[in-house]
Amino acid sequence: MLHSKLPNVGTTIFTRMSQLAAEVGALNLSQGFPDFDGPQALRDAVCRHIAAGHNQYAPMTGLPALREQVAAKIARCYGSSVSAEHEITITPGATQAIFCAIQALIQPGDEVVVFDPSYDSYEPSVELAGGRCVHVPLSQPAFAIDWQRLSDALSPRTRLIILNSPHNPSGALISRADLDRLAELIRQRDIYLISDEVYEHLVFDGAQHDSVLSHEELYQRAFVVSSFGKSYHVTGWKTGYVVAPPALSAELRKVHQYVSFCGVTPVQWGLADFMAEHPEHVSELPGFYQAKRDLFCDLLAGSKFRFTRAAGTFFQLVDYSLIRPDLDDVAMAEWLTREHGVAAIPVSVFYQQAPKDLRLVRFCFAKREETLGQAAEKLCAI
């Protein structure tokens, strides 16, 4: 008889809501993917490399040309010098990168601090490694770190803390002051970090992304994860990367080589070409997505939903308590999808134990203006 290693895990809410949206013909603002394509020059580059026969295994750590472009971007954006050879690993997506980092670090009985609401892949990855997640709720409404709760959560078994900034689902940002305070808290402890920074270039209103890559002390104990899929509007390409000091990268690569061995070769070639030819792309992303955020929020201004504009990511949380306070957020997401034709994600699924009065759903605004307009019209009519 099979004994499940993940007995409490079923189909993710993202899959369920996308399926429901397709079944009822709703606009899908639930799962986090654009409804528009990535840059034409990037798609052309991948096609060119497929035609040129670049279709066999890439090096396990990633194509040197792509790792060099990542190193150049890090130097340009964060003023940090990292080794393309020894500190950057290309992976088939950021989720796989996080999984491999957790498997490299966590031993049976280890504890991992995650901040709720947290992305759903963290805990199953920890459980598969034999560890246990310790959930620390972020303070509301700002979704900021509660430093007393974090301090109280640390124990001799704490092996890892997982950060996520810009934060999914709230869009909140971790500041340099936060990173300094974290460094002080764990300085004398044998604790490592995974910093999930897949939305690193989606930061709005003139703010900056304070990366662990630019914090010399914390970086020495960190795996920093990012996503080409998020930054180049090609989530289906499932390509990401991890940056870590040489000793940590070596341990991560031991796991990575037996999970997937390498990423998709022509995609890596195409990304390397595009990054070299269009370094301005990432610097234009804040304005590109802020315009979409502002359009969506401006159109919702006349609705009964309440919200604070997201500081980052391509997600917008809205409070629906003036509309259907009788419904929990899972029921509300289904009601919006079935009855009003707009799919959302309930925020409670990101918690181990959500606040009882939580009345928040998450919309993705990485959509065409036409899609956002149609969705807002439906939502304002409620």
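No value in this document is a laboratory result; all are computed from the given coordinates. A quick note: this is a predicted structure, and the numbers were derived from the prediction, not measured. Every residue, glycine among them, receives a Cβ derived from its backbone with ideal geometry; neighbour counts consider all protein chains shown.
Which of 85, 127, 339 moves the most in a Gaussian network model of the chain with Cα springs under 10 Å? Of 85, 127, 339, the Gaussian network model singles out 339 as fluctuating most. The order of the peptides 224-234, 185-195, 140-150 by mean Cβ neighbours within 10 Å, most packed first, is 224-234, 185-195, 140-150. Highest GNM mean-square fluctuation among 57, 199, 122, for the chain modelled with Cα contacts below 10 Å: 57.
Under the convention that each Lys and Arg Cβ holds +1 and each Asp and Glu Cβ holds -1, the size of the dipole of region 40-277 around its Cα centre is about 440 debye.
Computed over every Cα-Cα pair of region 68-116 and binned at 5 Å starting from 0, the pair-distance distribution P(r) comes out as 5, 16, 18, 19, 18, 14, 8, 2, 0 percent. When the inverse distances between all different Cα atoms of region 40-277 are averaged and flipped, the Kirkwood radius reads 18.2 angstrom. Pairs from the list 292/378; 356/378; 238/378; 238/356; 304/356; 238/367 with a Cα-Cα gap above 24 Å: 356/378; 238/378; 238/356. The mean sequence separation of alpha-carbon pairs under 8 Å and at least six residues apart, normalised by the residue count of region 40-277, gives a relative contact order of 31 percent. Taking the DSSP bridge list for the chain and keeping only pairs wholly inside it, about 45 percent are antiparallel. Across region 61-132, the mean sequence separation of Cα contacts (distance under 8 Å, 6 or more residues apart), normalised by length, yields a relative contact order of 27 percent. In the chain, a dipole from Cβ-located charges (positive for Lys and Arg, negative for Asp and Glu) runs towards its positive end, and of 45, 279, 125 it is 125 whose Cα lies farthest in that direction. The Cα trace of region 164-255 gives Rg and Dmax of 13.9, 41 Å, the first to one decimal, the second as a whole number.
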